[in-house]
Amino acid sequence: MRYTFLTYSPSSAPDDEPREATPEQLAVFGAYIGALKQAGVFVDTDWLQPSTTATAVSMADGELRIQDGPFADTRDQLGGYFVVDVPDLDAALEWAKKCPIVHFGTVEVRPSAMPPGQMDNHN
C-alpha cells in the first residue's frame with residue numbers, strides 16, 4: 001500500500017528567500033532516500049519551495065480565483081513529501097520515524113486513496 005509522508009517544518013519569515021540545502025542536509029536526506037531505495041519501498045520525493053512561492057486555484061460561486069500564497073496562518077509549512085510502498089501502516093510509521101524531519105518538524109503519514117493498479121496507469 002502506498003503512503004505519503006507530508007513533511008512540515010517551522011516556516012521562515014514571509015519575506016525570506018528560498019534557501020539552498022546545506023551539504024549536511026543533502027547528505028542526511030540522501031542517506032534516508034538511499035535506505036528507502038535499498039529496502040525497495042521508495043516511490044517518489046520532492047522538496048518544495050516556501051509557501052510564499054505558491055499559487056492556489058479554486059472556484060468560488062462559479063468564479064475562478066487565483067491567490068498567491070501563503071494561504072494559512074501557521075507556524076509550520078509543508079516543505080516536501082515522500083511516497084513509499086509498504087505492506088501496512090506499521091511499516092509506514094517505522095519509515096516515518098526515520099525521516100530526518102522528525103528532529104525539527106512533523107511527518108504526517110497519509111494512506112493513498114487511489115485503488116491499487118490505478119497508480120500504474122498514471123506514471
inquiry  = Looking for something open to solvent by less than 40 Å² (accessible area, probe 1.4 Å) and at pLDDT 95 or above - is there at least one such residue anywhere in the stretch 7-25?
reply    = no
request  = Among the residues of the stretch 29-58, write down those that are in a helix (DSSP H, G or I) and buried (at least 16 other Cβ atoms within 10 Å of the Cβ).
outcome  = PHE29, TYR32, LEU36, SER51, THR52
query = Looking at (1) modelled with pLDDT under 85; (2) open to solvent by 40 Å² or more (accessible area, probe 1.4 Å), can you tell me which one ASP90 breaks?
reply = (1)
task = Go through the residues of the stretch 86-102 one by one and say whether even a single one is touching a residue at least 60 places away in the same chain (Cβ under 8 Å), part of a loop (DSSP other than H, G, I, E, B), more than 26 Å from MET1 (Cα to Cα) and out of contact with any Gly (no Cβ under 8 Å at 6 or more places or on another chain).
result = no
request  = Among residues belonging to the stretch 71-80 that are at pLDDT below 80 and touching a strand residue (DSSP E or B) at 6+ places or on another chain (Cβ under 7 Å), point out the one that is surrounded by the most Cβ atoms within 10 Å (Cβ to Cβ).
outcome  = ASP76
ask   = Taking the condition open to solvent by 40 Å² or more (accessible area, probe 1.4 Å) and at pLDDT 90 or above, does ARG65 pass?
value = no
task = Please enumerate the residues belonging to the stretch 59-81 that are of a type in the set (A, V, I, L, M, F, W, C), part of a strand (DSSP E or B) and without any contact (Cβ under 8 Å) to a residue 40 or more places away in the chain.
result = MET59, ALA60, LEU64, ILE66
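The values are calculated or read from the model by the stated rules, or taken from the named source; none is laboratory data. Source: prediction; values computed, not measured. A quick note on method: Cβ atoms are made from the backbone with ideal geometry, for glycine too, and the neighbour counts reach across all protein chains shown. These accessible areas exclude ligands, DNA and RNA; they are computed on the full protein's heavy atoms, side chains included. Shrake-Rupley method; radii C 1.70, N 1.55, O 1.52, S 1.80 Å.
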